[in-house]
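The structure appears below as structure tokens.
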Amino acid sequence: MSMLPIISNFQGDFVLQLVAVDSENTMDQVAAAAAHHSVGRRVAPQPDKVIRVRRQDAQAFFPQDARIGDLGVQPMECLEFIFTDAA
Amino acid sequence: MAILERSKWYDLARATNWTPRYVAESELFPETMSGSLGVERSKWEAYDEPYKTSYPEYVRIQREKDAAAYSVKAALERTKLLENAAPGWLSILKAHYGAIALGEYAAMSAEARMTRFGPAPGMRNMATFGMLDENRHAQLQLYFPHEHCKSDRQFDWAHKAYHSNEWAAIAARHTFDDLFLARDAISIAIMLTFAFETGFTNMQFLGLSADAAEVGDYTFSSLISSIQTDESRHAQIGGPALQVLLANGHKEEAQKRVYMGIARAWRIFGVLTGPAMDYYTPLSHRKQSFKEFMQEWIVGQFERSLIDLGLDLPWYWDKMIEEFDYQHHAYHLGVWFWRPTVWWNPAAGVSPDERDWLEEKYPGWNDTFGKCWDVITENVLKGNIDATKPETLPIVCNMSQLPICAVPGNGWNVRDYPLVHEGRTYHFNSEIDRWIFQQDPSRYRDHMTVVDRFLAGMIQPPDLSGALKYMNLAPGEMGDDADNYAWAEAWRNIAATRRAA
């Protein structure tokens with residue numbers, strides 16, 4: 001369990017932001033942490049959507065229940081947070 | 001006794017190259033200070049400055065300029081600028097004085113380096129006057145706003161901004177150190193006087209002076225036009241230096257300096273001048289959008305200067321022109337949202353009428369930047385001001401030291417441009433910023449952005465309050481909305497009218 005700073009690139013927002021997460025956090029928890037700094041501040045909420053996370057330039061999203069510490073995400077790696085249709 | 005005309009003696013008097021006998025040429029003009037790229041000194045004698053003046057002429061004209069600027073200031077001292085000017089205009093003044101005034105001293109040092117180490121006699125002559133110019137500019141721009149210190153703490157803070165760890169001050173220092181304070185004489189001639197001054201400050205000061213007159217701030221208008229006349233003279237130091245380098249087979253090295261200079265200058269103008277023109281200046285006083293201004297002066301005029309000298313346009317030219325559409329909008333949104341971290345009060349500039357103007361000048365603005373401002377406006381109208389303020393730091397570019405940002409909303413194109421160098425990952429705003437770093441990684445690699453410092457534990461406590469403490473900003477000094485959110489009330493009225501209809 002350790003602090004992991006990541007870069008949030010949130011869909012619809014204008015700026016990259018620093019977000020601190022825990023290596024034990026699931027990707028849903030990571031998404032919620034990033035959303036805290038964008039949604040309702042400069043990005044309109046989309047309650048019917050799910051926020052998924054992927055690496056910059058990747059197509060595939062990380063599994064929602066995977067722990068970030070197990071995925072090889074590097075400190076200060078830029079991750080994209082995307083609104084998607086609920087499964 | 002009759003006095004000889006200047007043209008009869010000037011060329012002889014400025015021919016001050018000599019052959020040293022007691023030291024080697026390389027000791028008198030070390031390459032690290034001179035930067036003549038191996039071009040022999042005899043070749044530099046072909047350097048021909050387009051603007052020629054003598055010391056007595058210089059002193060007489062400068063005395064007249066100073067007398068004019070100070071007399072306008074004295075005459076208007078009792079006008080109540082602080083009470084009468086639009087809040088956005090005062091913000092322009094505070095940002096300008098804080099970011100620029102002490103940078104003029106850095107420019108003075110740079111001119112002094114050309115005065116001592118410039119390989120061409122004409123360059124040394126011109127730079128002597130340039131050095132005196134920059135000293136005058138620093139003193140004017142410290143003295144003129146000083147009268148406001150007693151009634152506005154932000155004007156007071158602007159005087160020390162350049163010495164602080166405030167992020168915009170770091171960005172200004174990093175840029176100015178790179179372009180001219182920490183360069184050799186020839187690089188300064190190219191990067192400061194040609195790229196920065198010919199390309200940007202000259203036209204910027206013309207525009208700023210006209211804007212000041214338009215809003216009725218005649219003191220600032222006369223101050224800025226007084227400075228601009230100096231700039232237009234000493235900005236001509238770089239052109240002939242480029243001609244000598246090109247004539248002696250150094251086009252590539254010369255161009256590289258031009259490209260780096262333009263790219264860095266563009267970022268600083270994007271964050272300072274862009275918001276000033278498109279958001280802070282009251283709508284009724286706007287003559288041109290920032291984009292129109294850039295297209296006229298940079299694309300229309302500076303591009304011709306590059307081509308006339310025989311230089312190729314920078315590889316990133318089209319990309320930079322594309323950025324005219326959005327980069328300064330993104331910087332403005334960032335400065336406004338992180339407003340507690342600046343020493344001026346950003347004017348949001350997004351009332352209904354102002355948004356109509358933005359949409360007209362930048363088609364698609366409402367669908368992109370407008371989407372973020374919609375959320376902000378709604379929060380303001382609900383009284384949820386906390387949601388319009390940050391709880392974390394933006395990621396800062398390892399080159400510009402400005403937030404990494406681009407187009408939001410339905411045109412979302414924000415991304416990181418990372419680079420791994422010697423095991424450290426750097427983050428950039430664009431491929432242009434990354435390219436600058438790659439030209440000389442050892443020059444830039446050890447610098448830490450505000451975010452790097454935060455992660456290294458240098459900012460305590462590790463939150464926004466710690467960051468404000470680190471930047472030395474206290475309540476009353478840190479920025480807030482310039483118009484106390486009056487712009488949002490206009491939206492409430494519109495919503496009420498629509499409901500009634």
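The values are calculated or read from the model by the stated rules, or taken from the named source; none is laboratory data. This one's a predicted model, so the numbers in the text were calculated from it and none came from an experiment. Here the Cβ positions follow ideal geometry from the backbone for every residue, glycine too, while neighbour counts run over all protein chains shown. Surface areas here come from the heavy atoms of the whole protein model, side chains and all, with no ligands, DNA or RNA. Shrake-Rupley method; radii C 1.70, N 1.55, O 1.52, S 1.80 Å.
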Mind listing the phi-derived Karplus ³J(HN,Hα) values for the range B:413-419, rounded to whole Hz, using 6.51, -1.76 and 1.60 with θ = phi - 60°, and x for any glycine or proline?
-> 9, 6, 7, 8, 10, x, 8
What accessible area, summed over both chains, is buried at the B-A interface (1.4 Å probe, Å², nearest 100)?
-> 2300 Å²
Residues hit by the 20 Å² burial cutoff in the range B:339-376, accessible area with a 1.4 Å probe, assembly against chain on its own, are B:C372, B:V375
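Within the set of other residues whose C-beta is less than 13 Å from the C-beta of A:Q17, count the net charge using Lys and Arg as +1 and Asp and Glu as -1.
After counting each charged neighbour, the total is -2.
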On alpha-carbon atoms, Rg over Rh for chain B using Kirkwood Rh?
-> 0.99
Over chain B: helical MRE at 222 nm, DSSP H runs n ≥ 4 each giving -39500 (n - 2.57), nearest 500 = -16500 deg cm²/dmol
Taking placed amide H atoms and a strict 5 Å upper bound, the residues 5 or more places from A:N25 or on another chain that come that close are A:I68, A:G69
Report, by chain and number, residues whose modeled amide H sits under 5 Å from the one on B:V342, excluding near sequence neighbours (fewer than 5 apart, same chain).
-> B:G479
What number, rounded to the nearest 500 deg cm²/dmol, is the helix-based mean residue ellipticity at 222 nm of chain A, given -39500 (n - 2.57) per DSSP H run of at least four residues and division by all its residues?
-> -3500 deg cm²/dmol
Under the Karplus curve 6.51 cos²θ - 1.76 cosθ + 1.60, θ = phi - 60°, whole-Hz ³J(HN,Hα) for the range B:395-411, x wherever Gly or Pro sits = 6, 9, 5, 6, 9, 6, 6, 10, x, 7, 8, 7, 8, x, x, 7, x
In the range B:68-112, which trypsin sites (Lys or Arg not before Pro) fall in coil by DSSP and have 13 or fewer other Cβ atoms within 10 Å?
-> B:R78, B:K80
The answer for the per residue Cα convex hull volume of the range B:373-472, in Å³, is 113 Å³
Stretch in chain B that is longest and holds no chymotrypsin sites (Phe, Trp or Tyr not before Pro) that DSSP places in a loop and that have at most 14 other beta carbons within 10 Å | B:52-314
Applying 1/(1 + (r/R0)^6) with R0 = 41 Å to the Cβ-Cβ distance of B:V420 and B:Y485, what FRET efficiency is obtained, to the nearest 0.05?
-> 0.40
For the range A:3-85: relative contact order, % (alpha-carbon pairs under 8 angstrom, 6 or more apart) = 41 percent
Which cross-chain or sequence-distant (5 or more) residues have an amide H under 5 Å from the amide H of B:L402, H modelled 1.01 Å from N in plane?
-> B:C397
For chain A, longest principal axis from Cα atoms; helix A:27-36 axis from its Cα atoms; angle between them, nearest 10 degrees, is 50 degrees
For the range A:1-33, which residues drop by 40 square angstrom or more in accessible area between the chain on its own and all protein chains together (1.4 Å probe)?
-> A:N9, A:G12, A:F14, A:V15, A:L16, A:L18
Can you pull the percent of the protein assembly as shown's accessible area that's carbon plus sulfur, 1.4 Å probe, other chains left in place?
-> 53 percent
When ligands, DNA and RNA are left out and all protein chains stay put, how many square angstrom of accessible area per residue does the protein assembly as shown have with a 1.4 Å probe?
-> 41 Å²
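For a quick check of your reading of the filter: which trypsin sites (Lys or Arg not before Pro) in the range B:150-200 sit in a DSSP loop and have no more than 16 other Cβ atoms within 10 Å?
B:K150
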What is the distance, in nm, between label points placed 7 Å from the Cα along the Cα-to-Cβ direction at A:E24 and at B:I385?
-> 3.9 nm
Over the whole of B:381-387, what's the average partner chain Cβ count within 10 Å per residue? Rounded to a whole number, please.
-> 1
What base-10 log of the normalised intensity I(q)/I(0) is obtained for the range A:3-85 from the Debye formula, alpha carbons as equal point scatterers, at q = 0.11, 0.24 Å⁻¹?
-> -0.24, -1.22
Potential extension, B:S109-B:S71 segment - 0.36 nm per residue separation minus Cα distance = 10.8 nm
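What does the convex hull of the Cα atoms of the range B:19-118 come to per residue, in Å³, rounded to a whole number?
Values: hull volume 17.5 nm³, N = 100.
Value for the range B:19-118: 175 Å³ per residue.
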Counting only protein heavy atoms and leaving out ligands, DNA and RNA, the solvent-accessible surface of B:I404 at a 1.4 Å probe, in Å² to the nearest 10, equals 0 Å²
Inter-centroid distance (Cα atoms) of the range B:16-61 relative to the range B:82-106, Å = 36 Å
Reciprocal mean inverse distance between Cα atoms of the protein assembly as shown - Kirkwood radius, Å = 25.6 Å
